[in-house]
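Please read the structure below before turning to the comments.
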Amino acid sequence: MSEKLEVLLTAQQLQARVYEIAKQIIEDYGQQSLVLIGVLKGSAYFLADLSRALPEEVRLDFVQISSYGAGKTSSGTVQLRKDHDIDIHGQHVIIVEDVVDTGLSLSYLKNLLATRKPASLRTAAMLVKPGAMKEEAIPDYVGFKIENDFVVGYGLDHAERYRNLPYIAILREDSDPKA
Ligand code: PRP
């Protein structure tokens, strides 16, 4: 089956938005130190760019979760596969995601990390899909709101491919009427 990539957000648009989000974060937190927790694997590129747009007082960590089920849709069950290492008690924490789809992952992580008593807990996602409304998981910092298309690039994959694209594209397959 052949696949077609239709550019949705260019590398320039993504980088410009990263700097706007970083500016907002700097305004919100001032000189306070931050812990950014990226959700593997998709957030890797956004986390790398966002952290480099912020002042030195930033520490990075990662979590990994799995939502059970194969293919392009999430099953609705979230499990923790890798926890963060930094003690976040009393720290200002931002969870960094590539995309919020149903919102289940972010809701799960917010609830989990809140039990560890950070000084504050916010969320950032480069992309938000319409389904996120269901779980009231709209991030505090949003790159772009997009439609319900299957997108790849800038960390987002299809069967582990396309993560390394510097842009975000809609992946269309032969069977897709819009392809
Ligand atoms: C993606 C994304 C979020 C989650 C969003 O991860 O990075 O973690 O799905 O979906 P939700 O809002 O419906 O919960 P994925 O499971 O594809 O793993 P990956 O980041 O390793 O690709």
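The values are calculated or read from the model by the stated rules, or taken from the named source; none is laboratory data. Quick caveat: nothing in here was measured; it's all calculated off a predicted structure. Positions of Cβ are generated from backbone atoms using ideal geometry, with glycine treated the same way; all protein chains shown enter the neighbour counts. Just the protein is used for accessible areas: all its heavy atoms, side chains included, with ligands, DNA and RNA removed. Shrake-Rupley method; radii C 1.70, N 1.55, O 1.52, S 1.80 Å.
Using 7 Å Cα-to-Cβ label points, what is the residue 173/residue 13 separation (nm, one decimal)?
About 2.5 nm, to one decimal.
Residue 16: net charge of surrounding residues, Cβ under 14 Å, Lys/Arg +1, Asp/Glu -1, itself excluded? Please report the intermediate quantities before stating the final value.
Values: positive: 17, 23; negative: 20, 49.
For residues surrounding residue 16, the net value is 0.
What is the angle, in °, between the Cα long axis of helix 11-29 and the longest principal axis of the Cα atoms in the chain? Nearest 10 is fine, range 0 to 90.
The angle comes out at about 20 degrees.
Once both axes come from the Cα atoms, what is the angle between helix 104-114 and the longest principal axis of the chain, in degrees from 0 to 90, rounded to 10?
Once rounded, one gets 10 degrees.
Quick check: residue separation of residue 83 and residue 3 times 0.36 nm, minus the Cα distance between them. What number comes out in nm? The partial results should precede the final answer.
Values: separation 80, 0.36 × 80 = 28.80 nm, distance 3.48 nm.
Between residue 83 and residue 3, full extension yields 25.3 nm more.
What does the chain give for Rg and for Dmax, in Å, if only its C-alpha atoms count?
Rg and Dmax of the chain, Cα atoms, are 16.1, 52 Å.
Hey, rough spin-label estimate for residue 149 and residue 164, points 7 angstrom out along Cα→Cβ, what's it come to in nanometres?
Output for this residue pair reads 2.4 nm.
Could you work out what % of the accessible surface of the chain is carbon and sulfur, using a 1.4 angstrom probe and leaving DNA, RNA and ligands out of the count? Write out the running numbers ahead of the final one.
Working: 4620 of 9360 Å².
The C+S portion of the solvent-accessible surface of the chain is 49 percent.
Can you tell me, using C-alpha contacts under 8 Å and at least 6 residues apart, the relative contact order of the chain as a whole percent? Walk me through the numbers before you get to the answer.
Numbers: 354 pairs, mean separation 45.8, N = 179.
Once divided by the residue count of the chain, the mean separation gives 26 percent.
Bin by bin, in steps of 10 Å, what percent of the Cα pairs in the range 1-46 do you find, going until the bin that has the longest distance?
Reading the bins upward from 0: 19, 37, 31, 9, 4, 0.
Length gain on complete extension for the stretch residue 27 to residue 41, per 0.36 nm per residue less the alpha carbon to alpha carbon distance?
Details: separation 14, 0.36 × 14 = 5.04 nm, distance 2.80 nm.
Stretched fully, the residue 27-residue 41 segment lengthens by 2.2 nm.
List the GluC sites (Glu not before Pro) within the range 1-107 that DSSP assigns to loop and that have no more than 15 neighbouring Cβ atoms inside 10 Å.
Values: sites: 3, 6, 20, 27, 56, 57, 97; in loops: 56, 57.
Answer in residue order: 56, 57.
In this model, which of 82/145; 41/117; 23/145 are farther than 23 Å apart at the alpha-carbon? List each step's numbers first, then the result.
Numbers: 82/145 28 Å; 41/117 25 Å; 23/145 19 Å.
Check vs 23 Å cut-off fails for 82/145; 41/117.
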